[in-house]
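What follows is a single structure, written as structure tokens, with notes after it.
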Amino acid sequence: MMTGNEIRESYLKFFESKGHKILPSASLIPTNDPSILWTAAGMVPFKPFFTGAAKPDYTRVTTCQKCIRTPDIESVGRTARHHTFFEMLGNFSFGDYFKEKAIPWAWEYVTEHLKIPAEKLWVTIYLDDDEAFSIWNKVVGVPSERIVRMDKDTNFWEIGVGPCGPCSELYVDLGAERGCASPECGVGCDCDRYLEIWNLVFIQFFKDEEGNYSPLASKGIDTGFGLERVASVLQGVPSNFETDLLREIMDFTAGLFGLKYGADEKVDVALKVIADHCRAITFAITDGALPSNEGRGYVIRRLLRRAVRFGRLMGGEPGTCAQSYLD
Ligand code: GLY
């Protein structure tokens with residue numbers, strides 16, 4: 001069984017072996033990008049390299065990026081896979097390789113290095129992306145019935161103003177027992193059966209402030225590989241929270257309240273929320289964001305309040321966590 005740390009290391013080393021420079025995570029506070037509050041994806045620090053506004057030192061880069069995303073905040077703790085803070089592994093090409101390498105490398109890494117069985121993998125592509133279809137089908141060998149064409153809502157990736165493009169996602173089928181049993185259940189269903197683990201973005205457009213798209217002078221690759229999700233698959237646990245990346249935080253918090261994870265569903269949700277929000281708050285404050293009444297600071301305040309509220313639901317007195325973490 002691979003630990004979270006081993007998966008992170010193995011991913012970065014794999015892409016190093018394919019000529020990528022391993023770079024450290026950037027700050028959670030984006031630099032010179034008023035279009036977003038947080039670094040919410042691995043490509044955020046590299047926007048100027050995709051557009052040509054700045055020249056990169058390396059045209060192939062790989063990172064493990066700290067990310068904060070808040071739109072799913074109400075789902076945190078209630079699903080197996082939602083977070084406000086998570087780690088996104090990624091490989092990036094700035095005008096270097098494109099789909100012809102990104103797709104076979106993703107397959108090679110997942111099937112040969114992580115040893116996820118090929119027959120459990122599904123792929124999505126953007127509606128008219130016949131080139132991606134052909135690489136998945138003819139070069140990699142994924143059967144055509146496991147390559148699903150999806151629309152702009154799911155298979156076109158953009159974040160704020162800047163580089164963007166159609167994408168292709170890799171899913172793991174976790175088995176019918178994890179599904180919703182609906183006859184319509186399939187890749188893209190909201191239930192827990194098909195888990196998206198990797199998003200390969202084929203960067204080729206620039207989206208401006210008005211929402212217009214124009215072609216970029218050179219194409220690039222941006223990928224997002226969810227560390228916590230992949231850890232849950234490899235460790236055979238039912239949610240990201242039970243991986244070694246988060247479980248210890250939940251067990252520690254449960255201990256503070258004299259409780260145990262797994263005995264009461266309401267308590268479990270609270271432990272998950274607290275584990276998630278504590279990670280987000282800790283990394284955000286470490287990167288220089290402080291609680292306040294607006295913008296990023298308000299997000300931290302909201303996360304703190306939610307964590308405290310869920311602590312009270314478990315019977316905690318004000319200060320329970322703060323005091324124990326300091327002890
Ligand atoms: N930039 C790709 C992703 O966040 O999924």
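Just so it is clear, none of the values below were taken in a lab; they were calculated from the coordinates. These numbers were taken from a predicted model, which means no experiment stands behind them. No Cβ is skipped: glycine too gets one built from the backbone with ideal geometry, and neighbour counts run over all protein chains shown.
Where the centroid of each part is defined by its Cα atoms, how far is the range 182-216 from the range 21-64 in Å?
Here the answer is 20 Å between Cα centres.
Taking the Cα centre as origin and putting +1 on Lys and Arg beta-carbons and -1 on Asp and Glu beta-carbons, what dipole magnitude results for the chain, to the nearest 20 debye?
580 debye
Let me have the 222 nm mean residue ellipticity of the chain computed from DSSP H runs of 4+ only, each contributing -39500 (n - 2.57), with the sum over all residues rounded to the nearest 500.
Helix-only estimate at 222 nm: -9500 deg cm²/dmol.
Which links in 21/99; 21/101; 18/115; 13/55 stretch past 22 Å when you go from one Cα to the other?
Distance filter (> 22 Å) returns 13/55.
Quick one: net charge of residue 162's neighbours, Cβ under 15 Å, K/R +1, D/E -1?
After counting each charged neighbour, the total is -3.
With 10 angstrom as the radius, rank 67, 189 by how many other C-beta atoms surround their C-beta, starting from the fewest.
Fewest to most other Cβ atoms nearby, the residues stand as 189, 67.
What is the fewest-to-most order of 273, 308 by other Cβ atoms lying within 10 Å of their Cβ?
Lowest count first: 308, 273.
In the chain, which whole DSSP H runs stretch at least 30 Å along their own axis (Cα) and average -0.5 or higher on the Kyte-Doolittle scale?
Membrane-span-like by this criterion, though nothing is claimed about a membrane: 265-286.
For 256, 303, what ranking results if the residue with the fewest other Cβ atoms within 10 Å of its Cβ goes first?
Ordered by Cβ neighbours within 10 Å, fewest first: 256, 303.
With point charges of +1 on the Cβ of Lys and Arg and -1 on the Cβ of Asp and Glu, referenced to the Cα centre of the chain, which listed residue (4, 299, 227) lies farthest in the positive direction of the dipole?
Farthest towards the positive end: 299.
If the cut-off is 22 Å between C-alpha atoms, which lysines fall inside it for residue 272, apart from same-chain ones fewer than 8 positions away?
Hits, sequence-local ones excluded: 66, 260.
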